[in-house]
1. What is the one condition in (1) surrounded by 14 or more Cβ atoms within 10 Å (Cβ to Cβ); (2) touching a residue at least 12 places away in the same chain (Cβ under 8 Å); (3) touching a Gly at 6+ places or on another chain (Cβ under 9 Å) that residue 34 does not satisfy?
2. Among what's in the stretch 82-115 and is among the aliphatic types (A, V, I, L, M) and within 30 Å of residue 139 (Cα to Cα), pick the residue that is most open to solvent (accessible area, probe 1.4 Å).
3. Within the set of pairs 6 or more residues apart or between chains, which connect a residue that is more than 18 Å from residue 47 (Cβ to Cβ) and open to solvent by less than 40 Å² (accessible area, probe 1.4 Å) inside the stretch 63-81 to a residue that is among the small types (Gly, Ala, Ser) and in a helix (DSSP H, G or I) with Cβ atoms less than 9 Å apart?
4. Those residues that are among the β-branched types (Val, Ile, Thr) and either within 14 Å of residue 93 (Cα to Cα) or not in a helix (DSSP H, G or I) (or both), I need them from the stretch 27-80; list them, please.
5. Output the residues belonging to the stretch 105-129 that are assigned to a loop (DSSP other than H, G, I, E, B) and of a type outside the set (A, V, I, L, M).
6. Just the residues that are surrounded by 16 or more Cβ atoms within 10 Å (Cβ to Cβ) and not in a strand (DSSP E or B), please, taken from the stretch 12-26.
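The values are calculated or read from the model by the stated rules, or taken from the named source; none is laboratory data. Predicted model only: the values in this text are computed from it and were never measured. Cβ placement follows ideal geometry from the backbone for every residue including glycine, while neighbour counts extend to all protein chains displayed. To get the accessible areas, we keep the full protein, side chains included, count just its heavy atoms, and leave off ligands, DNA and RNA. Shrake-Rupley method; radii C 1.70, N 1.55, O 1.52, S 1.80 Å.
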Amino acid sequence: LHLSIRRQRQMCIRDRLVTLWMCDLKLADPELHRRWTGQGNGRIISNLRQLADKGVPIIVRTPVVPGVNDTAEAIDALCRIISGLGGNVAYELLGFHPLGFGKFDDLGMTNPMAGTGALDGSILEELKKIPRRYGIKSKL
């Protein structure tokens, strides 16, 4: 049983009770990250480096979104960052799906990803080969 924390803004690296850290990193390019998420990725990468330096277990996750980061180049750039962390780090690629789209309607919000379909499974399988080339684990 792991105690995990997923919120970057609430990170407290000195917390010895946390046995597993999970973090989403969507794009390597800071400007593209800001464009698609509203925030840059500098703080995320800095936090990942601090955690990796302490040797704590980390799972970095990337939701792979069609038309956003579903290319070999995008995943390769993320792998260069992740492979540089060393330590006890695993990397998961998650296929995008529209299952939560109804929540936008329920809340009266405009969905910025409306019309985006689920990621094709064969694309995801091809992209999963890239971290393996870097020697990045998919599981801890």
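1. Failing condition for residue 34: (2).
2. Our first condition is that a residue be among the aliphatic types (A, V, I, L, M); within the stretch 82-115, this holds for 82, 85, 89-90, 93-94, 99, 107, 109, 113-114.
From what is left, the residues that are within 30 Å of residue 139 (Cα to Cα) are 82, 85, 89-90, 93-94, 99, 113.
Working: 82: 4, 85: 18, 89: 9, 90: 1, 93: 15, 94: 57, 99: 146, 113: 37 Å².
The qualifying residue most open to solvent (accessible area, probe 1.4 Å) is 99.
3. 64/74; 68/74
4. Quick first cut of the stretch 27-80, residues among the β-branched types (Val, Ile, Thr) only: 37, 44-45, 56, 58-60, 62, 64-65, 68, 71, 75.
Answer for the stretch 27-80, where residues must be among the β-branched types (Val, Ile, Thr) and either within 14 Å of residue 93 (Cα to Cα) or not in a helix (DSSP H, G or I) (or both): 56, 58, 59, 60, 62, 64, 65, 68, 71, 75.
5. Of all residues in the stretch 105-129, those assigned to a loop (DSSP other than H, G, I, E, B) come to 107-120, 128.
Within the stretch 105-129, 108, 110, 111, 112, 115, 116, 117, 120, 128 qualify.
6. 18, 25, 26
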